[in-house]
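One structure is given here, and the rest of the page talks about it.
What follows draws every value from the coordinates through simple rules; no lab data is involved. Bear in mind that the values here come from a model prediction, so they are computed numbers and not experimental data. Cβ coordinates were reconstructed from backbone atoms using ideal geometry, including for glycine residues, and neighbour counts include every protein chain displayed.
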Amino acid sequence: MTPTLLSCSEGVFKCPEDQLPLEYAKIYPDPELEAQVLSLAIRCIHSEEGCRWSGLIKHLQAHLGTCGFNVIPCPNRCSAKLSRRDLPEHVQHGCPKRRVKCEFCASDFTGEAFEGHQGTCPQESVYCENKCGARMMRRLLSQHALTECPKRTQPCTYCAKEFVFDTIQNHQYQCPRYPVPCPNQCGTPSIAREDVPTHLKESCSTAMLLCPFKEAGCKHRCPKLAMGRHLEDSTKVHLGMVCALVSRQRQEILELRRDVEELSVSSDGTLIWKISDYTRKLQEAKARSNYEFFSPPFYTHKYGYKLQVSAFLNGNGSGESSHLSVYIRVLPGEYDNLLEWPFSYRVTFSLLDQSDPSLSKPQHITETFHPDPNWKNFQKPGASRSSLDESTLGFGYPKFISHEDIKKRNYVRDNAIFIKASVEIPQKILA
Ligand SMILES: [Zn+2]
Ligand SMILES: [Zn+2]
Ligand SMILES: [Zn+2]
Ligand SMILES: [Zn+2]
Ligand SMILES: [Zn+2]
Ligand SMILES: [Zn+2]
Ligand SMILES: [Zn+2]
């Protein structure tokens, strides 16, 4: 037994074998036995982990000094404990306290600090991230990306859209906001490309304009700048054109008005003509002799004769001052050239009794006649004939109804009379 194998308690040792107390004084070294023990052969304490070493006990300590499986502290004092064989790897790559020299900037680092330095070393040579192909020290990269890299993006100065730098040149050949001079050389130095058409049309002093009197017929065309001069020089000509235009338009209006009137003329051969305000009109007729009222014109049938009824409320001819006289006349119509002449169809005049038919049977005043074929007004109207021409005197009844009789019944009701005229057209003509 060597004293080193004994445990101590209050100066008294216990034997590890049998636990009996041993007195220190009785313990003494036994070199002989020690030599025997130390000469025993054993396997390395790391044989289970794989160490193949075996030898004398006295050589174990020396072996452990080199045993690859023996656990030793990291020489860098990093707190790691590793087997000797794992140490080189640790010291070289894993140890946070190892010393590393950066291959790019040659600075010294602990392992820990180097982790942070790796990939950021300003001296390391790297490729541009825009893949432009350039390679340079990292510290030059940001400047490159900002001002030199052909693949950097940059906004177009004119339209502000982002472009890869090396395509901007091309873009500017099409950029809609790129300033170009007026293609007509009016002197405007920079017009955004997309605004050129508007400039040429609206504000370019060289734009060709049509004279503002074009509607009146002026065909003059000149640059905007010269238009003022043209307007000044052509006042009389323009005025003449405008006058002509006005008279053309007046003619057109007359024609339109006639068309509208034609469209509103009835064409079923019957006219019911209301003369309202009868008392006042009778007074008027009394004050002025031969005062004639005219009905709206009407057609005997579609594409037929155009007729008009007239009335002298105070009479004319043999009925003057005592009767209502009623006449019919033929007016120049649209279809006269298609019709047979003289006009020869039966005409009936009525003064309508406005009595309520449910109270008593109305007693209309009615006269019918066959037109006299020799009567001038029933001949085909000539081009020169107008409706108010004396020679076109109508045909009718100077004594249609006396002023006495017209007061009877309800010929005048609500201060109005109704005169009806109808023309009998044979069926074969209507067909
Ligand atoms: Zn070993
Ligand atoms: Zn270490
Ligand atoms: Zn470095
Ligand atoms: Zn680049
Ligand atoms: Zn642009
Ligand atoms: Zn211009
Ligand atoms: Zn003009």
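For a protection proxy built on the mean count of beta-carbon atoms within 10 angstrom, sort 357-364, 368-375 highest first, please. Intermediate results must be reported in sequence, preceding the final value.
Working: 357-364: 10.6, 368-375: 12.2.
Peptide ranking by packing, descending: 368-375, 357-364.
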If you take the C-alpha gyration tensor of the range 257-378, multiply each eigenvalue by 5 and take the square root, what semi-axes do you get, largest first, in whole Å? 26, 19, 16
The chain, relative contact order in percent, only Cα pairs under 8 angstrom and at least six apart counted: 8
Cα radius of gyration and Dmax for the range 207-264 (Å): 16.3, 52
Filter the trypsin sites (Lys or Arg not before Pro) in the range 215-260 to those in DSSP coil with at most 11 other Cβ atoms within 10 Å of their Cβ, and list the result. 219
Using θ = phi - 60° and the Karplus form 6.51 cos²θ - 1.76 cosθ + 1.60, what ³J(HN,Hα) does each residue of the range 100-105 get, whole Hz, x for Gly and Pro? 10, 10, 5, 6, 8, 9
Would you work out which of 419, 317, 134 lies farthest towards the positive end of the dipole of the chain? Charges go on Cβ: Lys and Arg +1, Asp and Glu -1. 317
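Report the net charge of residues surrounding residue 186, where surrounding means a beta-carbon distance below 13 angstrom and charges are Lys +1, Arg +1, Asp -1, Glu -1.
Result for the local shell: +1.
Rounding to the nearest 20 debye, state how big the charge dipole of the range 32-154 is about its Cα centre with +1 on each Lys and Arg Cβ and -1 on each Asp and Glu Cβ.
Details: 17 positive and 13 negative charges, 88 e Å.
The calculated dipole for the range 32-154 is roughly 420 debye.
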Quick one: Karplus J couplings for the range 197-210, per residue in order, coefficients 6.51, -1.76, 1.60, θ = phi - 60°, nearest Hz, x for Gly and Pro? x, 5, 4, 4, 7, 10, 10, 5, 6, 9, 4, 7, 10, 8
Show the residues, 5+ positions off or on another chain, whose built amide H is closer than 5 Å to the amide H of residue 100. 109, 110, 111
What FRET efficiency comes out for residue 340 versus residue 410 if R0 is 25 angstrom and r is the Cβ-Cβ distance? Round to the nearest 0.05. 0.05
Could you name the aspartates and glutamates whose alpha carbon sits less than 16 Å from that of residue 26, not counting residues in the same chain fewer than 8 places away? 10
Whole-Å distance linking the alpha carbon centroid of the range 314-333 with that of the range 227-304 is 24
So what is the orientation-averaged projected area of the range 24-90, using the convex hull of its C-alpha atoms, in nm²? 6.8
Which lysines does residue 219 reach when only Cα atoms under 28 Å apart count, and residues fewer than 8 places away in its own chain are ignored? 201, 236
Any chance you could run the full-extension gain for residue 77 through residue 18? It's 0.36 nm times the residue separation minus the Cα-Cα distance, nm to one decimal. 17.0 nm
Computed over the chain, Kirkwood Rh from alpha-carbon pairs, angstrom: 37.5
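List the pairs from 286/380; 281/380; 361/420; 101/131; 399/420; 376/407 whose alpha-carbon separation is above 23 Å, in the order I gave them.
On the way: 286/380 34 Å; 281/380 32 Å; 361/420 17 Å; 101/131 30 Å; 399/420 16 Å; 376/407 34 Å.
Violating the 23 Å Cα-Cα cut-off are 286/380; 281/380; 101/131; 376/407.
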Count the net charge of all other residues whose Cβ sits under 14 Å from the Cβ of residue 231, scoring Lys and Arg as +1 and Asp and Glu as -1. +3
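Order these by the 10 Å Cβ neighbour count, fewest first: 241, 208. Walk me through the numbers before you get to the answer.
Numbers: 241 18, 208 14.
Starting with the residue having the fewest Cβ neighbours, the order is 208, 241.
Over the range 24-90, what is the mean sequence separation of C-alpha contacts under 8 Å (at least six apart), divided by residue count, expressed as relative contact order in percent?
The value is 20 percent.
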Which value, in debye to the nearest 20, gives the size of the charge dipole of the chain about its Cα centre, when Lys and Arg are +1 and Asp and Glu are -1 at the Cβ? 1540
Relative exposure of 353, 277, judged by other C-beta atoms within 10 Å (fewest first): 277, 353
For the chain, what does the helix formula give at 222 nm: sum of -39500 (n - 2.57) over DSSP H segments with n ≥ 4, over the residue count, nearest 500 deg cm²/dmol? -6000 deg cm²/dmol
Within-11-Å neighbourhood charge of residue 414 [Cβ basis; K, R +1; D, E -1]: +1
Which residues qualify? For residue 15, with a placed amide H closer than 5 Å and at least 5 residues away or on another chain, they are 20, 22
May I ask you to derive the relative contact order of the range 207-264, considering only C-alpha pairs under 8 Å and at least 6 residues apart, and to give it as an integer percent? 28
